[in-house]
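One structure is given below, encoded as structure tokens.
Where a number appears in this text, it was derived from the coordinates with a stated rule and is not lab data. What you see is a predicted model, and the numbers here were worked out from it, not measured in a lab. Cβ atoms come from the backbone with ideal geometry, glycine included; neighbour counts cover every protein chain shown.
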Ligand code: FGO
């Protein structure tokens, strides 16, 4: 592509991103009620899709109220900001939140059950709705829910005459070994974190909650982590320790990753190869492996005024419509939380144009949630995540890493440490 054309395209992209923000600003300047929505979309397709749908919503409710999205960094930055806002008494009306964060905010009785606000959850995927149900009440609206899928390099598979991506864990490991050997480079790329680990753990039959106890050093956990450790040792796995996988293309031979479907547009943009998407390798060829459900729900804080809550409820009812979910899913790779989105033209056209997205819809039937307990965020990053990184980088054995993690989990959950 000619340089000037590229510059022009980039500028027009920036200009349109700028435009949605500016439009919202102008909409809210005139609105009698402004409800803030704190989110963790730093940029890219998810942020653009969110802002575009907010523009449309605000247009429909001109003279009534407006939603004002405010980025607060990434997911963890967002929860840190929410906790600070609690202390300062400056909570927004709406926020994105993981289920475990909702559980934490509920300890302060700070979240409103959405049905009491008039949000109609009929028809939504019950798997997502049940995850935000606490003591019988639904405290959030599933919005941007992702599932892990298998990303693969079709050109590389073609080069070695492999017709289709592997369907089982054993076939996956065999193919990854073969291609890595032939290329002289590891082809399975992964971030050594709780998300990647989760795919292997759940697919091997692991469960975090056992008889009401959180277990991170079960035999399945040890086997899952051993596979990651072995992959690096045997030269078919490459641990990406800085940035997203899609930000590392070009530094080696990418063959496969087991990553969030929400990364799809980022991958597409960065890939200089024919990018394929498939369901995850499972224990048997007729059943995909389990992907971890990530992405967030939208919640409404109790502290908001009645007028702002009314705006929030209207917004929540809007974002879960089949039309909006179809557009949002097509634009990002998130799973539509309303299954009726699948018949909508926006998504049907997109699926015709890009059959890769079928893998996301299929994988959504084989999905697992991480524990929905208040301490989970700390555990997944600072305890289990640390243990996974340590073992993968060879700083601890799998046993040492996970047994130590279990000790810390026990101490944290019994209040011996904070
Ligand atoms: C991310 C994080 C949590 C929790 C899981 C929790 C907190 C994980 C994982 C840690 O919406 P998802 O599926 O995907 C994100 C989306 C929007 O940013 O796009 C993905 N992305 C962004 C930029 C890029 O270059 N490539 C790309 O793939 C991005 O990951 O959420 C998945 C990644 C992580 O943030 O490192 O969810 N996660 N459970 N975070 N705080 N708490 O309990």
For region 192-326, alpha-carbon Rg relative to the globular expectation (2.2 N^0.38 Å, N residues): 1.37
Sort largest first and round to whole Å: the equivalent ellipsoid semi-axes of the chain, each the square root of five times a Cα gyration tensor eigenvalue. 35, 28, 19
Report the convex hull volume per residue for region 293-402, counting only C-alpha atoms, in Å³. 148 Å³
Expressed in Å to one decimal, the Kirkwood Rh of region 168-262 from all distinct alpha-carbon pairs is 14.0 Å
Residue 411 paired with residue 241, simple spin-label distance in nm, labels 7 Å along Cα-to-beta-carbon: 2.4 nm
Quick check: Cα centre of region 166-206 to Cα centre of region 362-418, how many Å? 20 Å
Give me the number: length gained by fully extending residue 134 to residue 210, i.e. 0.36 nm times residue separation minus the C-alpha to C-alpha distance, one decimal in nm. 25.5 nm
Per DSSP helix of 4 or more residues, -39500 (n - 2.57); summed, then divided by the residues of the chain. What does that give at 222 nm, rounded to the nearest 500? -14500 deg cm²/dmol
Projected-area mean, region 64-148, by convex hull of Cα positions, square nanometres: 6.9 nm²
If you wrap a convex hull around the alpha carbons of region 358-418, what volume per residue comes out, as a whole number of Å³? 113 Å³
Spin-label point model (7 Å from Cα, Cβ direction): what's the residue 162 to residue 25 distance in nm? 4.9 nm
Calculated diffusion of region 50-201, Stokes-Einstein form, Kirkwood radius summed over Cα pairs, 20 °C and 1.002 mPa s, µm²/s: 109 µm²/s
Roughly speaking, what is the stretch gain from residue 120 to residue 182, that is 0.36 nm per residue apart minus the C-alpha to C-alpha distance, in nm to one decimal? 16.9 nm
Given 37 °C and 0.692 mPa s, how large is the Stokes-Einstein diffusion coefficient of region 10-118 in µm²/s, with Rh as the Kirkwood radius over Cα pairs? 218 µm²/s
Inter-site label distance for residue 274 and residue 302 at 7 Å from Cα along Cβ, in nm: 5.7 nm
